[in-house]
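I have placed the structure first, in the form of structure tokens, so that the comments after it can refer back to it.
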Amino acid sequence: AFGWATLALAQSPLSLLANQHLPALTAARQAWGTSLRRWVWLLPAAGLALAWSGQPLHTLLVLLAWTTAIALTQMGWLLAQSLTLRLHAPVSIALVRLLPSVLAAALAGAGAIGLDWRDSGTLTAAALAGYAAGALWLWPLLQAPSSSGTDSTPTAPAAHASGDLRSERLKFTHTLSDVLVATALAAHWTSVYGAAQAGCLLILLRVMGFVPALVSTAWAQVVMSRPAAQRPSSWLVAL
């Protein structure tokens, strides 16, 4: 689900932040539309990855339903984080990042401790609920565009408008190189060693990569959400 959502977005959250010369809602609608099209195109690849894991047919259908829902809601949450950085106050920026994780952990804990639900379905449902809650921050996209074809969100001065000049193909290629190995590893370990062993491996990889990924993603979003004239130096960001 993570690989599917990430490939469908193809770095659209970063482009939404970089394209300061476009109104925020206009840029977000464009990013969401193109991401949804890629999400549909990648459906056969997601099905192939699940089939590669070697599960029985009835299990595959259940997995495909869960994966589809999680990929779509996670895609919405990731894009909502960038949109919130351009539209809302710091409280909303913090909530869109914290609420999904806190809600998922609370639901999983309540199911395990209060209701004695300790199966994979409880964990998956908790994760889905968390991602769906984060995707609610896309609600400004439901507003009808103004008759002039633009929205009222602020834009950066034209003098500082550089934007993300990469092509959609290049951004997709960058993203594919990031997620292909991890996604292939997940499917292959499930097929060879089983779902539990693959889950343990992926948990270790996620824990070890959590802090570097968090710092990298947070810095990139914060820096790109600022006008070019207010951004820190590249060396400071890299450090």
* Structure fact -> One finds, for Ser233 and Glu168 with R0 = 30 angstrom and r their Cβ-Cβ distance, a FRET efficiency to the nearest 0.05 of 0.55
* Angle in degrees between helix 57-87 and the longest Cα principal axis of the chain, rounded to the nearest 10 -> 20 degrees
* Probe 1.4 Å, all protein chains present, accessible-area order of His88, His21, largest first -> His21, His88
* **Nearest 10 degrees, 0 to 90: helix 43-52 Cα axis against the chain principal axis** => 30 degrees
* **Contour minus Cα-Cα distance for Ser216 and Thr68 (0.36 nm per residue)** => 50.6 nm
* Over the chain, what per residue volume does the convex hull of the Cα atoms give, in whole Å³? -> 147 Å³
* **Simple label model, 7 Å out from Cα along Cβ direction - Leu48 to Leu61, nm** => 2.3 nm
* Roughly what would the spin-label model give for Trp41 and Asp116, points 7 Å off Cα along C-beta, in nm? -> 5.1 nm
* To do: Mind pulling the angle between the C-alpha long axis of helix 120-135 and the longest principal axis of the chain? Nearest 10 degrees, somewhere in 0 to 90.
  => 10 degrees
* **Distance in nm between pseudo-label sites at Thr34 and Ala94 (7 Å out along the Cβ direction from Cα)** => 3.4 nm
* Grab the other residues whose beta carbon is less than 14 angstrom from that of Trp41, score K and R as +1, D and E as -1, and report the net. => +2
* Report Trp77's accessible area, 1.4 Å probe, all protein chains in place, as a number in Å² to the nearest 10. => 40 Å²
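The values are calculated or read from the model by the stated rules, or taken from the named source; none is laboratory data. Just so it is clear, the structure is predicted and the values come from calculations on it, not from any experiment. Positions of Cβ are generated from backbone atoms using ideal geometry, with glycine treated the same way; all protein chains shown enter the neighbour counts. These accessible areas exclude ligands, DNA and RNA; they are computed on the full protein's heavy atoms, side chains included. Shrake-Rupley method; radii C 1.70, N 1.55, O 1.52, S 1.80 Å.
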